[in-house]
Amino acid sequence: AFHVGSCSSVLAPLLPAHLRVRSRAHWGKGIQHFDAGSCAVSKLPPSIPGCPLPRHLSWENSSDGASAGGLARCWLPGPARGSPGPLPQAALAGVQAAWWGCQAGGFVSPLVQEGSLSCWKAEERDQRVPGSPVPYDATCACLCRGVRRSYSPGCCLMALLLPLGQMAYCQHIGVEFMFINDLEQCQWIRQKFETPGIMQFTNEEKRTLLARLVRSTRFEEFLHRKWSSEKRFGLEGCEVLIPALKTIIDKSSEKGVDYVIMGMPHRGRLNVLANVIRKELEQIFCQFDSKLEAADEGSGDVKYHLGMYHRRINRVTDRNITLSLVANPSHLEAADPVVQGKTKAEQFYCGDTEGKKVMSILLHGDAAFAGQGIVYETFHLSDLPSYTTHGTVHVVVNNQIGFTTDPRMARSSPYPTDVARVVNAPIFHVNADDPEAVVYVCNVAAEWRSTFHKDVVVDLVCYRRNGHNEMDEPMFTQPLMYKQIRKQKPVLQKYAELLISQGVVNQLEYEEEIAKYDKICEEAHARSKDEKILHIKHWLDSPWPGFFTLDGQPRSMTCPSTGLNEEDLTHIGQVASSVPVEDFTIHGGLSRILKTRGEMVKNRTVDWALAEYMAFGSLLKEGIHIRLSGQDVERGTFSHRHHVLHDQNVDKRTCIPMNHLWPNQAPYTVCNSSLSEYGVLGFELGFAMASPNALVLWEAQFGDFHNTAQCIIDQFICPGQAKWVRQNGIVLLLPHGMEGMGPEHSSARPERFLQMCNDDPDVFPKLDDFDVRQLYDCNWIVVNCSTPANFFHVLRRQILLPFRKPLIIFTPKSLLRHPEARSSFDDMLPGTHFLRVIPDSGPAAQSPERVKRVLFCTGKVYYDLTRERKARQMEADVAVTRVEQLSPFPFDLLQLEAQKYPAAELVWCQEEHKNQGYYDYVKPRLRTTINRAKPVWYAGREPAAAPATGNKKTHLTELQRLLDTAFNLDAFKDLA
């Protein structure tokens, strides 16, 4: 909105004499009031008649009693008499609406006129003034005409104000900010755009901008000349992106930032790597050589998905700057939360609590920014205490099309950037064919982020000169648009002609700049021919200095004992069962829980929650930061954890006992997340990328909720090391178990994780240091622990291993309080370790030759089997062996188990349905361990579409049926 404050002393000198208020005595007589909102305009342009010099125009209220931001008051002569009189209400409202229209609807000049598609949908385009290059709000235009009809042309306040509004908001820059509900922020933006002449550049700045455009443009042209038939997803049509990013980095470096983490889609990535990150050109050109062999480092990835990490001097600020471009899959916007998590981690480790040293820049396409829900999820993390990165600069490469889909078919919102409005992020639309406007907007965006530590969006309204890729034909689907695009001069040519006409450079200097960069590219291309092998490790986006050897190998292939001395176990248990803060009142029910914990410590036993507490507490003592995130993790979905205590009498007063364990311990972060899986898991993955010396865990509220984050699991966690040589030690805690609670909340879908394991089911590995080497060769570790002690050990092993792998843990629900699911301190003392397989230790193991059947199982079903076996008095006839680590598969230990019981049938027993769970994974591997000498039978639920029944009686019937099969020694006689 717009308001004219006390204008008598401010407007008067700028108005013709017959328009001026003659004295303050006139104030208060017949004055017209209207609600002003809160707008400030800094200066009027010197070209306004009657204004010989720029004058500061303060729209603040004078001392006549009007409240701040309140009623606007202005006197002008009546239209008939030429004498002082009140400005008519309708006319004054027209002034207000017209100015508001400029601010709220001053859009970007379209790049392509008739027959084009633009970033606005058809109904918005129809509202432009005919023949005008400015998309101009029709309502505003009508109101302007209405005001002019009320006054003679020389007497119109609109004539004074409208040019100012058009200059600020209706040229090549459009600003969306009127929805921001913070006056200071709105005033700041107005000052940046309403001050006439503020967008001025020195000749040196213009030459720098031209040189950056030369590099951006000639890089794409060089690639096109050398590899015209290769996909590269070039930047043609938005070459200004390179100067834009460099401007943001330059300004941020000037403001104190020394580390910038970036995420972007494939379009323009090679150009960004070359001209922003400064990746060696020969390494980029190597990626186009189809004859080069890949190093034995994994599958690798296509060149336009790769990342990079580089530290260099910023030539503008002469300060060190570290740049990291995060590798990403083709799944657009999937890298957004990953970048934010890595940024948060880097801020955390360097103590940057306000985001002054480390920042993130996210690049987007217009269709993906509007269409991908992960954008919304990531925005909603931006201001949460444990997730904020204190502002991100978002740059949208708005080429006004999504592959072949028009904007009118791609989104329901007017603009692709509307999602950013949910967090009050200002949106700066800018014509990408006006490089100076782009650079100015990027400077403002970087200053906004530095000033307010909030998100900001730069919308580069551009076009895509080629199709979706260089091999694609866009004329099939957008013929008129591409006819117009073919007529467009490249932005470099336009800007060079402008600077030459201004005398900033001459033609010879321009050509020399082009020749200089062309020579750099040619020389790099010649060097690239000397390369013989493609190394993925040259493209690592998150190095861990000192963790590996210089050639990137683990420093050892051993893992020490994960046990702990009894004094530490007791100390952690005592803290876990107390409130280490004085005058802190906890809930009565929680008092009973803590009392039970204290009794367990006295009895030298632990349950699931206490085992987790001891694993975390011991790692904190060793300087390992622990971060546990997810929905309701502070208390725990099943009210078992209680890592954050709440004072029952003081609002918002909390206590985290885990942070009171040791004098110099590492910090423990436990944080309830927003109700998001995709965004939060991606965030935690990014956090875990930053350092190997942290245990980062994400817990699903229920195990099946991970499926809304499947993209992060499938594209980052599972193949991340193979594609990008990027190890990651993130831990997924997925509650799992068939307990009669219905199809949802029962299965964490273990079959999906096991299907993606990279071990060969038909090959028995021949390895030295079998268990550790197996872990090193796998893509991730999948476990289903049946005891608290094993859970304790696997968490500690995750950090004590000399390398990092993702860890998937199917955690229990009913076992959290099961009286038999307890472990002794003896199972956690020095010398103990994680048990990949837990053999039967009862009568069956004492007389193995008499055993008729071996039941292999994993997880909670073990307790059902042992209870049933005891009831049937079959302890000597049936052995029950627990497979705690499913992947990598413990071939060696299960071979010993099978050999121990030579006369026994081998049966895999699970509570999941046959087409789900573990059976299809375990069966071929178990057969490999015995050289396929015996069949491996199945005892469990029948195949089904749903993970579980919703009927309690049916659930119990199914459970009894699988137990009957497991202990019926004749069950498979007819099938042999």
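Annotations for the structure displayed:
- Phe753 vs. criteria under 16 Å from Ser887 (Cα atoms), buried (at least 19 other Cβ atoms within 10 Å of the Cβ), aromatic (Phe, Trp, Tyr) and modelled with pLDDT of 95 or more: yes
- Pairing residues of segment 254-273 that are aromatic (Phe, Trp, Tyr) with residues that are surrounded by fewer than 22 Cβ atoms within 10 Å (Cβ to Cβ) and in a loop (DSSP other than H, G, I, E, B), at Cβ distances under 9 Å and at least 6 apart in sequence or on separate chains, gives Tyr259/Cys350; Tyr259/Asp352; Tyr259/Lys357.
- Residue in segment 826-839 that is closer than 15 Å to Gln910 by Cα and open to solvent by less than 10 Å² (accessible area, probe 1.4 Å) present: no
- Some residue of segment 364-377 being closer than 27 Å to Phe452 by Cα, open to solvent by less than 30 Å² (accessible area, probe 1.4 Å) and among the hydroxyl-bearing types (Ser, Thr, Tyr): no
- Filter pass, Ala420 being open to solvent by less than 10 Å² (accessible area, probe 1.4 Å), assigned to a helix (DSSP H, G or I) and either of a type in the set (A, V, I, L, M, F, W, C) or at pLDDT 95 or above (or both): yes
- When the residues of segment 517-556 are filtered to those that are open to solvent by less than 80 Å² (accessible area, probe 1.4 Å) and among the aliphatic types (A, V, I, L, M), the one that is nearest to Val326 (Cα to Cα) is Leu540.
- Looking across segment 285-341, the residues that are among the basic types (Lys, Arg) and part of a loop (DSSP other than H, G, I, E, B) come down to Lys291, Arg315.
- Answer residue from segment 205-259, given it is among the acidic types (Asp, Glu) and closer than 21 Å to Asn398 by Cβ and is most open to solvent (accessible area, probe 1.4 Å) among those: Glu236
- Scoring Ile313 on the criteria (1) out of contact with any Lys or Arg (no Cβ under 8 Å at 6 or more places or on another chain); (2) without any contact (Cβ under 8 Å) to a residue 12 or more places away in the chain leaves a single failure, condition (1).
- Sub-7 Å Cβ pairs linking a first residue in segment 916-942 that is of a type in the set (A, V, I, L, M) to a second residue that is outside any loop (DSSP other than H, G, I, E, B) and surrounded by fewer than 19 Cβ atoms within 10 Å (Cβ to Cβ), at least 6 apart or interchain, are Val936/Lys923; Val936/Arg927; Ala939/Thr965, ordered by first then second residue.
- Any chance Gly598 is at pLDDT 95 or above, more than 12 Å from Met658 (Cβ to Cβ) and crowded, with 23+ Cβ neighbours inside 10 Å: no
- Pair list, Cβ under 8 Å, 6 or more apart: segment 883-909 residue farther than 15 Å from Arg932 by Cα and of a type in the set (Lys, Arg), other residue open to solvent by 10 Å² or more (accessible area, probe 1.4 Å) and in a loop (DSSP other than H, G, I, E, B): Lys900/Pro839
- Single match in Leu332, Leu325 (criterion: more than 11 Å from the chain's Cα centre (by Cα), closer than 23 Å to Ser253 by Cβ and modelled with pLDDT under 95): Leu325
- Among the residues of this structure, Asp352 counts as one that is open to solvent by less than 20 Å² (accessible area, probe 1.4 Å), closer than 30 Å to Leu695 by Cβ and part of a loop (DSSP other than H, G, I, E, B).
- Scanning segment 671-691 for residues that are open to solvent by 10 Å² or more (accessible area, probe 1.4 Å) and more than 15 Å from the chain's Cα centre (by Cα) yields Asn672, Ser691.
- When the criteria are applied in full, Lys652 meets the requirement of being out of contact with any Cys (no Cβ under 8 Å at 6 or more places or on another chain), at pLDDT below 95 and loosely packed, with under 15 Cβ neighbours inside 10 Å.
- Some residue of segment 260-269 being surrounded by fewer than 20 Cβ atoms within 10 Å (Cβ to Cβ) and touching a strand residue (DSSP E or B) at 6+ places or on another chain (Cβ under 9 Å): no
The rows are residues; the columns are (1) modelled with pLDDT under 85; (2) aromatic (Phe, Trp, Tyr); (3) not in a loop (DSSP other than H, G, I, E, B).
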site: Met158; (1), (2), (3): yes, no, yes
site: Ala168; (1), (2), (3): yes, no, yes
site: Arg218; (1), (2), (3): no, no, yes
site: Lys231; (1), (2), (3): yes, no, no
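To keep it simple, each residue is scored yes or no on (1) surrounded by fewer than 20 Cβ atoms within 10 Å (Cβ to Cβ); (2) over 20 Å from Met828 (Cα atoms); (3) in contact (Cβ under 8 Å) with a residue 60 or more places away in the chain.
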site	(1), (2), (3)
Leu564	no, no, yes
Val579	yes, yes, yes
Leu590	yes, yes, no
Val606	no, no, yes
Met614	no, no, yes
Gln631	yes, yes, yes
Leu645	no, yes, yes
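- Number of residues in segment 843-875 that are assigned to a loop (DSSP other than H, G, I, E, B) and surrounded by 15 or more Cβ atoms within 10 Å (Cβ to Cβ): the value is 7.
- Residue count for segment 187-216, restricted to those that are touching a strand residue (DSSP E or B) at 6+ places or on another chain (Cβ under 7 Å) and outside any loop (DSSP other than H, G, I, E, B): 2.
- Residue within segment 482-505 that is hydroxyl-bearing (Ser, Thr, Tyr) and open to solvent by 80 Å² or more (accessible area, probe 1.4 Å) present: yes
- The condition (being of a type in the set (Val, Ile, Thr) and touching a Pro at 6+ places or on another chain (Cβ under 7 Å)) is satisfied by just one residue among Thr405, Thr378, Thr389: Thr378.
The values are calculated or read from the model by the stated rules, or taken from the named source; none is laboratory data. These numbers come from a predicted model, not from an experiment. Here the Cβ is made from the backbone with ideal geometry for all residues, glycine too, and neighbour counts use every protein chain on show. In case anyone asks, the SASA skips ligands and DNA or RNA and just uses the protein heavy atoms, side chains included. Shrake-Rupley method; radii C 1.70, N 1.55, O 1.52, S 1.80 Å.
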